[in-house]
Amino acid sequence: MQAPAPVAVLVPEGRGVVTLPRTIQVGELAKLFELSVVDVIRALVNLGLMVTINQTIDYDTAALVAGELGIEVAPEEEAAEEPEATAEETSAAARPVLWTDDDPARLKPRAPVVTILGHVDHGKTSLLDAIRQTNITSREAGGITQHIGAYQIEHHGRRITWIDTPGHEAFTAMRARGASVTDIAVLVVAADDGVQPQTVEAISHVRAAGVPMVVALNKIDKSDADPERVKGQLAEQNVTVEDYGGDVPLVPVSARTKQGLDDLLDVIGLVADLKDLRADPERPAIGRVVEAHLERGRGPVATVLVQTGTLARGDIVVAGTSFGRVRAMVDDRGKTVNRAEPSRPVEILGLPDVPEAGDIVRAVPDEKTAKALVEEEQRRRAAGAAGERPATLDEMFAQVKEGKAKELRVVLKADVQGSLEAIRSSLAKLPQDEVALNIIHAAVGDVSESDANLAGTSSAVILAFSNKVDVAAKRAAEQLGVDLRQYKVIYELIEDVQKALVGLLEPEMVEQVLGHAEVRQTFTAGKTTIAGSAVLDGVMRRGVQARVMRGGSPVHDGRIGSLKRFKDDAREVTAGLECGITLESFNEVAVGDIIEAYVITARPRTA
Ligand code: GDP
């Protein structure tokens, strides 16, 4: 998506914080902001939202607009929602908590987190939906449930959290990232179909994770349901159900008729009791990203499952390799909340970047701590891929030719999950006999400064697909000498990596700007015009190429003929100094022109 262009609106000084309701009409918002409707609509358009004056927008959107316009806003406190907390009370800085570990004295029971696994078509999704529909707490019934990647229900006064992405792929992907959010695994087996290949896989994954298992024997309503056969098949997989003298509970259910769902939830409650799941709700939050994506108008949106502590709106959080402030939180009913206690999934807004599923989210007391943690995480990720490594595809090319390189490390950023996955799977198929490909970070979103830092600290190249690179990222990449390549066509990205892997990249000519000088005076000596100039930045160097810019456009491109400092010839004049510049075959240089010196260097091909 396109980043919004800055909106040039002068906001009167001293306006203070504007309080906004949960939803507001665009026209009303303009009034509150004391701005013209046109300015507000323009800001919305910049955020990618086409709206009219009478349209109603939600608080999050209004807050984004406010951010665009440099106006500080706060939500109106709504007594009905979270009466116990005001923004100030909940903000991290105001909470009198230690920024340390769980305090055993404060540990309180927390809701179990459950993941559903099993063979395709055995009813995982149906079961998740049935549980969600029948167990929304009565007060909130009627509220639209949102698919945010996880949801929480209440059953006989106890909360149970469900991960909304069934199947062991997601479960294992999270585990691969060191994230074990699941407390209990529900293995769904269709009573009419029995144990199938993915049932067996799911059993292995659950075992590997060391998570207790409950079997939901689904589709019990079907006439050809055969529970005994399934129990026997499970025993063959060393899953011995309680009926057979084992310790794995099995509950016959039907997602269709809702039969047995209560029993299933009771059993999950019992298993949770045995595990005695506890967390310290008073400490600052630590959680995991369950799902994250970039959303038009809302920016990066991440569903976070708080594992311990309480996450509060206003908290500064580190998520993966970046940090931000929790601007808003929305629960699985689409309700804005101020706090999320352990095991409660919430969508958070305010991160600068889209984190990855499995990333740790940690509330910290201040930006300094956040920065330190981000650096630590970057170092950790870099260390995960240790050894001497090439920093750029060029060096890669050289090292492959010399037979030195062993691994090419990549930070991959793409516009959407779909392209990210497509690229990832294509890259995985490349032959890696000579050089192994190591994707140290792959995420959806624009290339950020933290990506550049990560690549810098781990000698990785950044491959960006159909997204943008923000200014800070570009600067960081330049400073760190990170090879940052942008692509619009997946094939070209793959091809470049493939060439790097086999050492085939062709050199290309690249321009490097050396510095700028401003012409302050002109003198003539014979036929030549000398530009008396002040070097603004970088250096002016004799003999290099230079462009003369006038009113922002180039009027000449040629070589710097001579360079003088006072009366003496100089090879180079640096920023802050004055000099006399003559340009080969160009005598029309004028006061106010900017001379931009640059060199062209050959380097292996870039995208
Ligand atoms: P998933 O692939 O495991 O997520 O399975 P789905 O939830 O998509 O269900 C697969 C099919 O089985 C769908 O056609 C469902 O309607 C059907 N189904 C799921 N649960 C039941 C059940 O309890 N009884 C019956 N008769 N059909 C079910």
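Quick grid of which residues meet (1) crowded, with 18+ Cβ neighbours inside 10 Å; (2) farther than 30 Å from Arg409 by Cβ:
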residue	(1), (2)
Val489	no, no
Val502	no, no
Val513	no, no
Gln521	no, yes
Gly526	no, yes
Ala546	yes, yes
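What are the residues in the stretch 358-368 that are surrounded by fewer than 22 Cβ atoms within 10 Å (Cβ to Cβ) and in a loop (DSSP other than H, G, I, E, B), if any?
Step one: list which residues in the stretch 358-368 are surrounded by fewer than 22 Cβ atoms within 10 Å (Cβ to Cβ), which gives 358, 360, 364-368.
Residues satisfying the conditions are Gly358, Pro365, Asp366.
Has the stretch 280-287 got any residue that is crowded, with 24+ Cβ neighbours inside 10 Å and assigned to a strand (DSSP E or B)?
Start the filter on the stretch 280-287 by keeping residues that are crowded, with 24+ Cβ neighbours inside 10 Å, which leaves 285, 287.
Those still in the list that are assigned to a strand (DSSP E or B) too: 287.
Yes, that holds for at least one residue.
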Practice item. Using the structure shown, decide if Ala190 is in the same structural domain as Val267 (by TED's automatic domain parsing) and at pLDDT 90 or above. Key: yes
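Hey, could you check the stretch 246-278 for residues that are more than 16 Å from the ligand (Cβ to nearest atom) and under 18 Å from Val230 (Cα atoms) and say which is farthest from the chain's Cα centre (by Cα)?
First, pick out the residues of the stretch 246-278 that are more than 16 Å from the ligand (Cβ to nearest atom): 246-249, 266-278.
Those left that are additionally under 18 Å from Val230 (Cα atoms): 246-249.
Details: Gly246: 43, Asp247: 40, Val248: 38, Pro249: 38 Å.
Within the stretch 246-278, the match that is farthest from the chain's Cα centre (by Cα) is Gly246.
When you go through Thr134, Thr145 one by one, which is the residue that is away from the ligand (no atom under 16 Å from the Cβ) and modelled with pLDDT under 80?
Working: Thr134 fails: away from the ligand (no atom under 16 Å from the Cβ).
When all the criteria are applied, what remains is Thr145.
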Practice item. State whether one or more residues within the stretch 164-180 are modelled with pLDDT of 85 or more and assigned to a helix (DSSP H, G or I). Key: no
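Return yes or no: is Leu107 at pLDDT 65 or above and crowded, with 19+ Cβ neighbours inside 10 Å?
Working: at pLDDT 65 or above: yes; crowded, with 19+ Cβ neighbours inside 10 Å: no.
Against the criterion (at pLDDT 65 or above and crowded, with 19+ Cβ neighbours inside 10 Å), Leu107 does not qualify.
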**Study point:** Out of Leu305, Leu277, Leu294, Leu311, sole residue that is among the hydrophobic types (A, V, I, L, M, F, W, C), closer than 19 Å to Glu341 by Cα and surrounded by fewer than 21 Cβ atoms within 10 Å (Cβ to Cβ)
**Key:** Leu277
Review point. Taking the stretch 226-237 as the search range and keeping residues that are in contact (Cβ under 8 Å) with a residue 12 or more places away in the chain and either of a type outside the set (D, E, K, R) or part of a helix (DSSP H, G or I) (or both), which one is farthest from the ligand (Cβ to nearest atom)?
Key: Glu236
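From the set of residues in the stretch 552-571 that are of a type in the set (D, E, K, R) and part of a loop (DSSP other than H, G, I, E, B), which is modelled with the highest pLDDT?
So in the stretch 552-571, the residues of a type in the set (D, E, K, R) come out as 557, 559, 564-565, 567-569, 571.
Adding the requirement that they be part of a loop (DSSP other than H, G, I, E, B) leaves 567, 571.
On the way: Lys567: 84, Arg571: 91.
For the stretch 552-571, the residue satisfying everything is Arg571.
The values are calculated or read from the model by the stated rules, or taken from the named source; none is laboratory data. Note that the coordinates shown come from a computational prediction; the quantities given were computed from them, not determined experimentally. Every residue, glycine among them, receives a Cβ derived from its backbone with ideal geometry; neighbour counts consider all protein chains shown.
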